[in-house]
Structure formats: C-alpha cells, structure tokens
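Read-outs: derived from the displayed coordinates by stated rules, not from any lab. Keep in mind that this is a model prediction, so the values were computed, not measured. Ideal geometry is used to build each Cβ from the backbone, glycine not excepted, and the neighbour counts take in all protein chains shown.
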Amino acid sequence: MLSYQHTYHAGGPADVHKHIALCLLLEHLAKKDKPFSVIDLYAGEGDYDLAGFAAQKTQEYKEGVAQLWNATGAPRGVHEYLEALRRLNPDGVLKRYPGSPALARVYMRDDDSLILNELHATAFPNLGRWARKDDRITVHKRDGLEAMVGLTPPKIRRGLVLIDPSYEVKTEYTTVPEKLAESVKKWREGMYVVWYPVLKEGRHQALLDGIKEQVDGEIFHCELSLSTVKPGEATPGLRGTGLVVVNPPWKFDADMTTAGNWIAKTFGRGKHFARWIKKSETQES
Ligand SMILES: C[S@@+](CC[C@H](N)C(=O)[O-])C[C@H]1O[C@@H](n2cnc3c(N)ncnc32)[C@H](O)[C@@H]1O
C-alpha cells in the first residue's frame with residue numbers, strides 16, 4: 001500500500017526545481033501552433049491548499065516556493081513559474097500551489113491533451129475531482145511505469161512525459177531506467193523528465209547509471225543540492241533534488257542552468273550543477 005502523499009510536500013524545494021523545468025518545457029511546447037500532449041504518470045492531486053492541514057504540518061513550502069514568491073529579477077523559467085502561481089493566487093496571497101497537472105493546464109490550448117495517472121487511494125479520487133469537466137484531460141489508475149509503456153506514443157506525437165515517483169519502492173531506482181528505455185524506443189521524439197531525490201543512501205546513482213547505459217537520445221542532467229539543511233528543518237532527509245531530461249529542446253540546458261543557479265542563490269543554500277549525460281555531435285556547439 002502506498003503511504004506517500006504529496007499534499008505534505010507541495011511547494012517544497014523539490015517541487016520548485018522540478019516545476020521550473022516543467023514550465024520551460026511546457027512553454028516550448030505551447031509556443032508552436034501545433035497541439036501537444038503531456039503524460040503525467042505520478043500526477044498527485046492536481047493542486048494543493050497550502051493553508052490545509054498537511055502543508056501546515058510540514059511547512060515544506062516555506063523552504064521552497066515561499067522563498068521565491070516575492071523575489072524580483074527572476075530569470076526565464078522561474079518567471080513563467082511565478083506567473084502560473086499568480087494565476088492560481090490572483091489576490092496576491094500564496095494559498096494554493098499548482099501540482100504538475102495544474103501547471104500543464106496553464107499552458108494547454110483547446111486541442112492539447114493531458115493524460116494523468118495516479119495510484120494512491122486518496123490522491124486518485126481527488127485528482128479525478130480536480131480534472132472533472134475538462135474533456136482535454138483523461139485520468140488513469142495504473143502503475144506509473146506500466147502506464148508509461150502502455151500510453152506511449154500518445155496520439156498527439158509532440159509532447160512530454162513526467163516521471164515523478166515517490167521512490168517508496170526502492171526498486172524504482174532500477175525499474176525507472178528500464179521502462180524509460182522501453183518507452184523512448186516506442187516514442188523517440190517524445191521529451192521525458194525524470195525526477196529523483198538525493199538522500200543519504202545515494203540510491204539515485206543507480207538511476208543515473210541505468211539511464212546512461214540503457215536510454216537512447218540526448219540526455220541532460222541537473223541537480224540542486226540542499227546540503228545545508230539543518231536537523232529540525234522540514235526537509236532534513238532531502239539532500240538534493242535532481243532531474244534528468246531526455247530530448248530537451250534547444251537552449252533548455254542554458255535556461256535550466258541559469259534558473260537553477262538563481263534558485264540556489266535565492267534559497268541561500270546548496271549549489272546547482274548541470275551537465276549533458278549524452279549529446280549528439282550535431283548539436284554539440
Ligand atoms: C512526488 S508525487 C507527484 C507530484 C506531482 N507529479 C507534482 O509534481 O505535483 C508522487 C505521486 O506518485 C504516486 N505514486 C506512487 N507510486 C505510484 C505508482 N506505482 N504508480 C502511480 N502513481 C504512484 C503517489 O501517490 C504520489 O501522488
């Protein structure tokens with residue numbers, strides 16, 4: 001049985017890092033006059049109430065999104081992310097936090113498609129309620145990795161897949177690369193984003209090694225360390241937050257590097273690093 005519930009972690013440092021990358025990719029998809037699809041395999045609940053019990057219990061958002069809410073001079077990606085947040089909080093007070101489905105919906109036009117998947121017994125019905133009455137959205141209740149292989153390629157072949165597991169099941173560090181490789185073979189032009197936590201056990205290294213060995217395509221990797229989290233803070237276990245992006249668009253690497261450095265500076269702790277795991281020679285310059 002799954003116990004992780006994202007409502008306790010919404011808007012924390014990991015969400016900020018991941019959602020800024022997501023906004024950059026969504027903006028890229030939405031700027032062309034051609035429909036796109038987003039497949040969000042571990043969708044959570046849609047959006048979140050930061051005044052609610054769970055968010056107030058952990059207060060993780062105070063170490064994440066709340067640090068950026070009033071910041072000025074935000075670079076590309078962060079700017080778009082903050083604009084999306086403002087749309088959800090039009091009176092200027094940060095009360096609601098968009099999960100990945102809500103961020104995708106900000107960018108969607110009439111012909112775009114959002115395919116959501118969630119397995120948790122509470123999160124799934126909440127996600128269904130969030131998505132109701134929007135016929136651009138379909139909601140599935142399947143295992144995320146099984147769904148990834150089953151749902152790719154989507155009918156609209158421009159698009160992205162978000163793979164954002166809770167890693168409660170430790171084998172996910174090795175099954176994610178395996179299933180990702182399988183799905184990329186079926187949908188070579190798709191963009192894929194994999195999120196992972198950096199914890200003291202260092203299990204994410206197996207994930208990175210597996211992706212490098214098994215997955216085809218151009219692969220970008222970035223990580224925001226949170227190494228100065230002190231015991232007693234809301235996220236003491238989380239030493240960092242990482243992302244692997246398969247087939248990112250042109251200039252995503254530069255934008256994400258700038259945005260990541262800016263977040264690290266604004267959080268006032270840790271460092272951001274970015275590199276290519278694989279890059280084709282034609283785009284090397
Ligand atoms: C980190 S949260 C997702 C947050 C969301 N993507 C966002 O950015 O707003 C991970 C979600 O995956 C769900 N989950 C865990 N194991 C799963 C599985 N095997 N298949 C599908 N969903 C799963 C959890 O219930 C949780 O809601």
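How many percent of DSSP beta bridges within the chain run antiparallel, rounded to 5?
In the chain, approximately 60 percent of DSSP beta bridges are antiparallel ones.
Could you compute the net charge surrounding VAL169? Neighbours are other residues with a C-beta less than 12 Å from the C-beta of VAL169; K and R count +1, D and E count -1.
Once positives and negatives cancel, what remains is -1.
Computed FRET efficiency, Cβ-Cβ of LYS200 and GLU146, R0 30 Å: what is it to the nearest 0.05?
0.50
Taking a 26 Å limit on the Cα-Cα distance, which of the listed pairs LYS185/LYS271; LYS141/LYS271; LYS95/LYS133; LYS185/LYS251; LYS18/LYS185 fall beyond it?
Violating the 26 Å Cα-Cα cut-off are LYS185/LYS271; LYS141/LYS271.
In what order do SER225, SER183 fall by count of nearby beta-carbon atoms within 10 Å, going from fewest to most?
By the 10 Å Cβ count, ascending, the order reads SER225, SER183.
Work out, in µm²/s and without decimals, the Stokes-Einstein translational diffusion coefficient of segment 6-217 at 10 °C, 1.306 mPa s, Rh from Kirkwood over C-alpha pairs.
90 µm²/s
Give me the number: length gained by fully extending ARG158 to GLU189, i.e. 0.36 nm times residue separation minus the C-alpha to C-alpha distance, one decimal in nm.
This chain segment gains 10.4 nm when fully extended.
Under a Cβ-Cβ cut-off of 9 Å, what is the net charge of the residues other than SER100 that fall near it, where Lys and Arg count +1 and Asp and Glu count -1?
After counting each charged neighbour, the total is -2.
Regarding segment 88-146, what whole-number volume in Å³ per residue does the convex hull of its Cα atoms give?
Residue-normalised Cα hull volume stands at 106 Å³.
So which aspartates and glutamates pass the test for LYS186, namely a Cα distance under 16 Å, with those fewer than 8 places away in the same chain ruled out?
GLU146, GLU178, ASP216, GLU218
Net charge near ALA30, counting Lys/Arg +1 and Asp/Glu -1 over other residues with Cβ under 9 Å of its Cβ?
Around ALA30, the surrounding residues sum to +1.
If the chain between ASP110 and LYS95 were fully stretched, how many nm would it gain, using 0.36 nm times the residue separation less the Cα-Cα distance?
So the chain would gain 2.7 nm between ASP110 and LYS95.
How far apart, in nm, are two points set 7 Å out from the Cα along the Cα-to-Cβ line at LYS57 and at LYS251?
In this crude spin-label approximation the distance works out to 4.4 nm.
Measuring from label point to label point, each 7 Å out along Cα→Cβ, what is the LYS31 to TRP69 span in nm?
Computed distance between label sites LYS31 and TRP69 equals 3.0 nm.
For segment 96-245, what size does the Cα cloud have along each of its three principal axes, sorted from largest down, in whole Å?
Principal axes ranked by extent give 45, 37, 26 Å for the Cα atoms.
Could you tell me what fraction of 2.2 N^0.38 Å the Cα radius of gyration of segment 25-70 comes to, as a two-decimal ratio?
Taking N as the residue count of segment 25-70, the ratio is 1.63.
Whole Å is fine, so just give me how far the alpha carbon centre of segment 128-155 lies from that of segment 1-66.
Centre-to-centre distance over Cα atoms comes out at 17 Å.
How far is it, in nm, from the label point at LYS278 to the one at ASP134 when both lie 7 Å from their Cα along the line to the Cβ?
3.3 nm
What is the calculated FRET efficiency for HIS79 to ASP216, with r their C-beta to C-beta distance and R₀ = 41 Å, to the nearest 0.05?
After rounding, the FRET efficiency stands at 0.80.
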